[in-house]
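Enquirer: If you scroll down you'll find the structure; I have some questions about it.
What follows draws every value from the coordinates through simple rules; no lab data is involved. Being a predicted model, the structure only gives us computed values, none of them experimental. With ideal geometry, Cβ positions are generated from the backbone for all residues, glycine too; neighbour counts draw on all protein chains shown.
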Amino acid sequence: MMNWQDIKFVISQASAKKSLFRAFQNLEFKNRVSISDHVIDLGAKDATYEYHNLINKAPNTKITFTDLYPKKSEILKINFNNEFPIQTNTFNNALLFNVLEHVWDTRNLLSESFRILSPGGYLFGLVPFMFRYHQDPTDYWRFTDESLNKLLCEAGFKDIEVYSHGIGCFTVSINTFSNLLRFKILISLSWLIAILLDKILSRFWPQNKTYFLGLFFKARKPLTS
């Protein structure tokens, strides 16, 4: 459940020219992701994604960036449909943000993520749900909380947590149409009205919570197999 501080953060993202979809994802980065030691970012593009300024990093954090089409020489090239060129039990945390929907062999991606994590390590991820078709370079899937739980469990993960964000039919709708508004104040106001209407509607119509923009997930590799 969003508190007033969360709502203010989301609304503030309009001034930064973010979409409502991205604003809710940024809230997840800020509130739910904490990393340390050796970390791998799966699907990092050019390693300049803004979420690295939002997630909580310990001072000793060292990040290895990867992508299928790396834009810099220091970014490790990985085809997520194949075995990763990485030793088992290498990383303390793995980041998988807005990647699963673009990979055909999602089971391989998750099982390989599990393999390269050290025992006790965490996988953090985000996927869109009620969001437009977007090729990068492909767009295959949309996931529910049930499918994510099953896929992560099959890969070997435990302590699986899945959270929806951008909840409600008004929020989902305004994410689609607010980009047509020209002025930031109008965008911010439309977001606020949509969020408040959904908070009210959800009290009387539980099905409103089945409309959401995306899902955040967190899962742990057990200390012993």
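Enquirer: Please list log₁₀ I(q)/I(0) at q = 0.10, 0.17, 0.18 Å⁻¹ for the chain, using the Debye equation with identical point scatterers on the alpha-carbon positions.
Expert: -0.47, -1.26, -1.37
Enquirer: Counting Lys and Arg as +1 and Asp and Glu as -1, what is the net charge of the other residues whose Cβ lies under 13 Å from the Cβ of residue 156?
Expert: Once positives and negatives cancel, what remains is +3.
Enquirer: Please get the size of the charge dipole for the range 4-220, origin at its Cα centre, with Cβ charges of +1 on Lys and Arg and -1 on Asp and Glu, quoted in debye to the nearest 20.
Expert: Roughly 720 debye, rounded to the nearest 20.
Enquirer: While we're here: Taking H as built 1.01 Å from N, whose amide H comes closer than 5 Å to the amide H of residue 33, not counting residues under 5 places away?
Expert: Amide H neighbours of residue 33, under 5 Å, 5+ apart: 56.
Enquirer: Mean separation of Cα pairs under 8 Å and 6+ residues apart, divided by the residue count of the range 1-102: what relative contact order is that in percent?
Expert: Working: 133 pairs, mean separation 27.1, N = 102.
For the range 1-102, the relative contact order is 27 percent.
Enquirer: Here's something else I'd like to know. Mind jotting down the distance between the C-alpha centroids of the range 91-141 and the range 148-225, whole Å?
Expert: 17
Enquirer: So if the hydrodynamic radius of the range 25-124 is defined as the Kirkwood radius over C-alpha pairs, what does Stokes-Einstein give as its diffusion coefficient at 37 °C and 0.692 mPa s, in µm² per second?
Expert: Answer from the Stokes-Einstein relation: 240 µm²/s.
Enquirer: Gain in length, residue 173 to residue 153, computed as 0.36 nm per residue apart minus the alpha-carbon separation, to one decimal in nm? Intermediate values should be presented prior to the final figure.
Expert: Values: separation 20, 0.36 × 20 = 7.20 nm, distance 3.23 nm.
Length gained, residue 173 through residue 153: 4.0 nm.
Enquirer: Arrange the following residues from fewest to most other Cβ atoms within 10 Å of their Cβ: 169, 153.
Expert: Numbers: 169 20, 153 13.
In increasing order of surrounding Cβ atoms, one gets 153, 169.
Enquirer: Mind checking the range 1-102 for GluC sites (Glu not before Pro) that DSSP puts in a loop (not H, G, I, E or B) and that have at most 15 other Cβ atoms within 10 Å?
Expert: Qualifying residues, ordered by number: 74, 83.
Enquirer: With each run of n ≥ 4 DSSP H residues scored as -39500 (n - 2.57), what mean residue ellipticity at 222 nm is computed for the chain after dividing by its residue count and rounding to the nearest 500 deg cm²/dmol? Can you show the working numbers first?
Expert: Numbers: 6 runs with 74 residues, N = 225.
Dividing the helical sum by the residues of the chain leaves -10500 deg cm²/dmol.
Enquirer: Could I ask something else about it? Arranged by the count of other C-beta atoms within 10 angstrom, fewest first, what order do 129, 143 take?
Expert: Least to most surrounded, the residues fall as 129, 143.
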